[in-house]
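The values are calculated or read from the model by the stated rules, or taken from the named source; none is laboratory data. Just so it is clear, the structure is predicted and the values come from calculations on it, not from any experiment. In this analysis, Cβ positions are derived from the backbone assuming ideal geometry, glycine residues included, and neighbour counts consider all displayed protein chains. Remember, those area values only see protein heavy atoms, side chains included, never the ligands or the DNA or RNA. Shrake-Rupley method; radii C 1.70, N 1.55, O 1.52, S 1.80 Å.
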Amino acid sequence: MGRAPIPLEVVDDHNRALDFIYTLIARKKIPFSGLTLVHYDSHPDLAPPPDLMIDQFSDRRLMLEELSIADWILPAVYMGHIARVVWVKPPWSTQIETGTHCIKIGNSKGKLRVDSGLPYYVSDPDSFGGNLRDTKEFELTVLPSGQPIPTLTAPWILDIDLDFFSTRNPFKSILAPHFTKLHNLFAFQPSEGSPEKVAATRRQHLEALEHSCLSDPELEDARVAVAQDPEITELGGLFYVAQQTELPEHASSEDEIQGMVDEVREMVGGEVEPAAVTIARSEGDGYSVDQTLEWTQRIVVEMLANLWTIKHNV
């Protein structure tokens, strides 16, 4: 008998990939624990959920409703499903430096937080936490596109966000013509000291900037523009949007995209087959580039089908 087809799911919002992974676990299609996630994306998606309580992680439906595109991976790590993450980043993504990092996560006042000195975490008051309880550590490997993946052993999941190949910062147009000013104001400037001290200094800086976002008369038209979107207003209005100015943006040509798809094939084609494949379109949230999205999805799926026998859904 031949090998069973590899299950593949295409979602729009990237956090919905976790629902598919949980379905595979529940149906015993993939193991409950010890998974490696190979994550192709312009964004790490490795923040902890800011408001969800850890004791709610066991309620699958509630957790999946509350998770976002930025924070869907770490709950699965904390619950023991994912043991290792390999983030493959395109050249324009600089959120976490290349290398292998040991990341500690745990319970801080009932919420999941990260004890790490990486700027990605200490720059975000909703991510960093010291003196954690019930901690777990996992290996995070950050690779530039095209670099060989350290040897993968089964079971592993191939996860591809189509914004890996070409991405937008959907907040940039909202903030025009104030984007550069806000980018400079909110840029993270590392300070001296322990991760706890750096995170505390960053929190104070952001608290001061929140007041500016509410009161600076030069930003009035930006506040008005942001207020047109009820969802963004609920997230925090201009203060929330201004913190997204660090997000990468790069509109790739078709030749660039094809070259990157070829790199993905070379990187994963020689590895043991994945247990599952997830693809996120990132269309609804505005991170993918509309003009090339459908074509990119088609050539990615064709590339995967040429490598392995795949089956859409389960």
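Probe radius 1.4 Å, ligands and nucleic acids ignored: give me the carbon and sulfur share of the accessible area of the chain as a rounded percent. Carbon with sulfur: 49 percent of the solvent-accessible area. The GluC sites (Glu not before Pro) found in region 217-247 that occupy coil by DSSP, while having at most 15 further C-beta atoms within 10 Å, are GLU246. In the context of the full set of protein chains, region 232-314 has a per residue accessible area of 48 Å² (1.4 Å probe). Per residue, the solvent-accessible area of region 19-79 (1.4 Å probe, heavy atoms of protein chains only, all protein chains present) comes to 40 Å². Separation of the alpha carbons by more than 26 angstrom is noted, of LYS28/LYS111; LYS104/LYS172; LYS28/LYS311; LYS136/LYS197, for LYS28/LYS111; LYS104/LYS172. The structure shown yields volume of the Cα convex hull per residue in Å³, and of the options (1) 133; (2) 151; (3) 292 that calculated value carries the label (1). In plain terms, the chain from TRP295 to GLU220 could stretch by 23.0 nm, reckoned as 0.36 nm per residue minus the Cα-Cα distance. In straight-distance terms, cross-link reach from LYS181 covers every one of the aspartates and glutamates whose alpha-carbon lies under 19 Å from its own, apart from those fewer than eight places away in the same chain; here that gives GLU207, GLU210, ASP216, GLU218, GLU220, ASP221, GLU246, GLU249. Counting Lys and Arg as +1 and Asp and Glu as -1 over every other residue whose Cβ lies under 14 Å from the Cβ of ILE82, the net charge comes to -3.
Sorting the segments 83-92, 284-293 by their mean number of nearby beta carbons within 10 angstrom, highest to lowest, gives 83-92, 284-293. Summary of packing: across the peptides 136-143, 180-187, the per-residue average of other C-beta atoms within 10 Å ranks them, highest first, as 136-143, 180-187.
Extension gain for ASN306-GLN228 works out to 23.5 nm (0.36 nm per residue, less the C-alpha to C-alpha distance).
Every helix of 4 or more DSSP H residues in the chain counts as -39500 (n - 2.57), and over all residues that averages to -10500 deg cm²/dmol at 222 nm. Listed peptides 35-44, 271-280, 207-216, 300-309 appear in the order 35-44, 271-280, 300-309, 207-216 once ranked by packing, highest mean of other Cβ atoms within 10 Å at the front.
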